[in-house]
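Worksheet for the structure shown next.
The values are calculated or read from the model by the stated rules, or taken from the named source; none is laboratory data. For clarity, every value in this text was computed on a predicted model and none was experimentally measured. All Cβ positions, even for glycine, are placed from backbone atoms using ideal geometry, and neighbour counts span all protein chains on display. Side chains are part of the model used for accessible areas, which takes the heavy atoms of the whole protein and leaves out ligands, DNA and RNA. Shrake-Rupley method; radii C 1.70, N 1.55, O 1.52, S 1.80 Å.
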Amino acid sequence: MNLKKPQAAYIHIPFCSHICYYCDFAKVFLEGQPVDDYLDALIKEFNAHDIHRLKTLYIGGGTPTVLTARQMRRLLSALTENLDLSYLSEFTVEANPGDLSDEMVEVLAQSPVNRVSLGVQTFNNRLLKKIGRVHTEAQVYDSTEKLRAAGFENITIDLIYALPGQTMEMVEEDLQKLLALNLPHVALYSLILEDHTVFMNRQRRGILRLPNEDKNADMYEYIIDSLTKNGYNHYEVSNFGKPGYESQHNLTYWDNAEYYGIGAGASGYLDGVRYKNHGPVHHYIEAENKRVHEEFLSQKEQIEEEMFLGLRKQSGVSVTEFEQRFGIDFNNLYGAVVSKYIDRGLIVDDRKVIRLTDKGFELGNEVFADFLLDDNFNA
């Protein structure tokens, strides 16, 4: 058993008031769902871990703010009643701009929640409709004003670029509007087509117009340049924070540290085992054992994860820490790969910390693939 308990927990609320065209997360349309029964099961799973100390707690979805104010109050109270709140440094709740009622903001403000993540995606009303979002640009401003008025300083928003029909001018406009809000953090993702989504179905039918690879790269470079010039630290491939506002919870994932995953469809990493819970809400509620899949990571898999998660961070992978963790000479294992990408200008020329250059961030997937080990690897 792991004597050092994880410092982070992810809580999944799978309910949505609508389904976005690009989303493949574990989610279900809210209407007619047994929400209170689900919260009962989720709280029971959380309590079974006997958690008293967490550095970070993150409630994601789905859309957590589709819960009623009463349900949200109950959930927040149950999650924190046995926690040492003096130890909890970051408590995030995801929200959609259209769902943040005054009552919901009040519930969040009266709780230990100290960070709110808004799923904005774009400020362009026409694009919002095209991607299946139901909020408007005006509601983004309204939500940020409400949160600030309630005392929230740590507000982050998600934006997506390379959307269907999106032009460079639209991306520039989104960035100017983001910068005008002067928020401390932004997560910025290129649209990825996932199976079982409206967009993938359209792509397969040949009716989805997306920016080409060159345009995608231009957008990414413009975004990085604009945000770094305006005081944001590009601390992870898709994440930008002002000093001190990097997402502590997400750094748990990129540091390859263990964490609790609670709720339907949630993933977790405990005692060297990566696991996934039952996705369908009814299955999750009824199952005595919430896990539907468990995978004990081999040393080969742990090393690969250490590299491709660590390389996502601006701070990269410490060679000394790698060798202490795995008892393997780093240079024997990866020296040739590192040299190859230093020569190509994708990895910084520093043998003590392996980290990507700006160009390396852009071509990250190509670099990550070269850190996969042969199937016959044996330490």
Query raised in the report: Quick one: accessible area per residue over segment 239-287, 1.4 Å probe, rounded to a whole number of Å²?
Result: 34
Query raised in the report: Percent of alpha carbon pairs in segment 205-311 separated by more than 22 Å?
Result: 56
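Please tell me the relative contact order of segment 238-369 in percent, rounded to the nearest whole number, where contacts are Cα pairs under 8 Å and at least six residues apart. Walk me through the numbers before you get to the answer.
On the way: 157 pairs, mean separation 20.8, N = 132.
In percent, rounded to a whole number, it is 16.
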**Report entry** lysines whose Cα lies under 28 Å from that of Lys4, excluding same-chain neighbours fewer than 8 positions away
**Finding:** Lys44, Lys55, Lys276, Lys290, Lys300, Lys313, Lys352
Query raised in the report: With all protein chains present and a 1.4 Å probe, how do Leu57, Leu333, Leu88 order by accessible area, largest first?
Result: Leu333, Leu88, Leu57
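Work out the FRET efficiency for Arg344 and Ser89 from their Cβ-Cβ distance, taking R0 = 30 Å, and round it to the nearest 0.05. Provide the component values of the computation, followed by the final result.
Numbers: r = 39 Å, r/R0 = 1.29.
My answer for the efficiency is 0.20.
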Report summary line: Ranking Ile223, Ser318, Ser89 by how far each Cα lies towards the positive end of the charge dipole of the chain (+1 on Lys and Arg Cβ, -1 on Asp and Glu Cβ), the top one is Ile223
Report task. For Arg274, Arg133, Arg148, write out the residues from largest to smallest accessible area, computed with a 1.4 angstrom probe and no ligands counted. Result -> Arg148, Arg274, Arg133
Report summary line: Distribution output for the chain: share of Cα-Cα pairs per 20 Å bin in percent, first bin at 0, values 26, 59, 15
Query - Inter-label distance for Lys229 and Gln324, nm, one decimal - labels placed 7 Å from Cα along Cα-to-Cβ - result: 4.0
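Suppose only helical runs count, i.e. DSSP H with n ≥ 4. What mean residue ellipticity at 222 nm does that imply for the chain under -39500 (n - 2.57) per run, divided by all residues and rounded to the nearest 500 deg cm²/dmol? Don't skip to the end; give the middle numbers.
Numbers: 15 runs with 149 residues, N = 379.
Using -39500 (n - 2.57) per qualifying helix, the result is -11500 deg cm²/dmol.
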Report summary line: Sorting Tyr141, Tyr189 on solvent-accessible surface, 1.4 Å probe, most exposed first, gives Tyr189, Tyr141
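Summarise the accessible area of the chain (1.4 Å probe, protein heavy atoms) by the percent that is carbon and sulfur.
Details: 8360 of 17610 Å².
Its accessible area is 48 percent carbon and sulfur atoms.
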Report summary line: P(r) over all Cα-Cα pairs of segment 1-155, 10 Å bins from 0 to the longest distance, whole percent per bin, short to long, reads 10, 39, 35, 13, 2, 0
Requested in this report: Would you kindly find the accessible area of Ile43, with a 1.4 Å probe and non-protein molecules such as ligands, DNA and RNA excluded, rounding to the nearest 10 Å²?
Outcome: 20
Requested in this report: Send over a whole-number figure in Å² for the accessible area per residue of segment 23-103, probe 1.4 Å.
Outcome: 43
Report task. Could you state how much accessible area Leu159 has, in square angstrom rounded to the nearest 10, with a 1.4 Å probe and all protein chains kept in place? Result -> 0
